[in-house]
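Here's the structure we're looking at; comments come further down.
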Amino acid sequence: MQSLNQQLAGITESFAFILPELILSGGILIILLVGLFNNQKNHLFNAITLLTVLASSFFIMVDGFQSNLMLFNGMLQREGLGEFLMVLVDVSVLLTCLMSVNNPERRHLSEYYALILCVALGGHLLLMTTHFLMAFLSLELISISSYILAGYTFNKPGSEGSLKYFLFGSIASAVMLYGFSILYGITGTLDFSTSVFFTGLIDNPSPLLLISGLLGISGFLFKMAAAPMHPWAPDVY
């Protein structure tokens, strides 16, 4: 068991290895601050967002996808495959920005681009997580931003889709979190990368294990709009 000083030292040292995520967070703050003074310059916010994701991708690719580091006392892990997928997340943000360059109907520009970067930040954290709590928080960062973006057309169909997304997503979050809580009760840990977690699963062959697994994976697939929970997604999009 680590002492408090060791845990704090581990947290402090971990910040040096999450530079891409810190860049995304900084980009969000800059966009919101600029938006306080002028919220009408689409090209300015677009450029800031593009520079942010390009800088994030650059620092991810510096080590050639060779990282293998446990961060924040085991809550996050930076490794090669996850870093490659993070670059794909950044590329998707870049393409979204390019599609948003000449949209005369776009309103509340700083908030729009800040929310896009929030989705990217949540995606990065989700790809690094080795902990159920961090997985839940990352998904919620993605989901809450997406609830708002789904209704960003500011018309009746958009508002209806956004509300459906919020209601379905909230239920899915509750179901998933309940499944995670049962898993914690069975295994005694939320870190699914440790031997303690798998030992707890093996040593407790209970019907509750099946129920918790179904609840957790159902909520996760529902929020990700992945099969077989995907039929609701067209109603939103």
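The values are calculated or read from the model by the stated rules, or taken from the named source; none is laboratory data. Just so we're clear, the structure is a prediction, and the values are computed from it rather than from any experiment. FYI the Cβ positions are ideal-geometry reconstructions off the backbone, even for glycines, and counts take in every protein chain you see. SASA here: full protein model, heavy atoms, side chains in, ligands and nucleic acids out. Shrake-Rupley method; radii C 1.70, N 1.55, O 1.52, S 1.80 Å.
A few points about this structure:
- The chain: angle of helix 207-223 to the longest principal axis, Cα-based, in degrees nearest 10: 10 degrees
- Note on the chain: GNM, Cα springs under 10 Å; of V101, V89, V53, the largest mean-square fluctuation is that of V101.
- Relative packing of peptides 20-32, 61-73 - highest average C-beta neighbours within 10 Å first: 20-32, 61-73
- Taking amide H positions as modeled 1.01 Å from N, with prolines and chain starts lacking one, no residue 5 or more places away or on another chain lies under 5 Å from T189.
- In terms of accessible area, using a 1.4 Å probe and ignoring ligands and nucleic acids, H108, H131 rank largest first as H108, H131.
- Computed label-point distance, nm, for sites S206 and K41 using a 7 Å Cα→Cβ extension: 5.9 nm
- Accessible surface area normalised per residue over region 87-237 is 51 Å², counting heavy atoms of protein chains with a 1.4 Å rolling probe.
- Compared with the dominant principal axis of the Cα atoms in the chain, helix 42-61 is inclined by about 40°.
- Accessible surface, 1.4 Å probe, highest first, among residues C97, C118: C118, C97
- Histogram of C-alpha separations across region 1-122, 10 Å bin width, %: 13, 39, 27, 16, 4, 1
- Both the radius of gyration and Dmax for the chain are 19.4, 60 Å, in that order, over alpha-carbon atoms.
- Per-atom-type breakdown for the chain gives carbon and sulfur 72% of the accessible area (1.4 Å probe, protein chains only).
- The reciprocal of the average 1/r between distinct C-alpha atoms defines the Kirkwood hydrodynamic radius, which for region 97-166 equals 13.0 Å.
- Partners for K156 among lysines (Cα-Cα distance below 19 Å; same-chain residues under 8 apart left out): K164
- Estimated from the Cβ-Cβ distance and a Förster radius of 35 angstrom, the FRET efficiency linking L69 and M224 is about 0.85.
- In straight-distance terms, cross-link reach from K41 covers every one of the aspartates and glutamates whose alpha-carbon lies under 16 Å from its own, apart from those fewer than eight places away in the same chain; here that gives E105, E111.
- Folded to 0 to 90 degrees: helix 132-150 orientation relative to the chain principal axis, Cα: 20 degrees
- Note that region 173-181 has calculated 3J(HN,Hα) couplings of 4, 5, 5, 5, 5, 5, x, 5, 5 Hz, one per residue in order, obtained from phi through the Karplus relation 6.51 cos²θ - 1.76 cosθ + 1.60 (θ = phi - 60°); glycine and proline are x.
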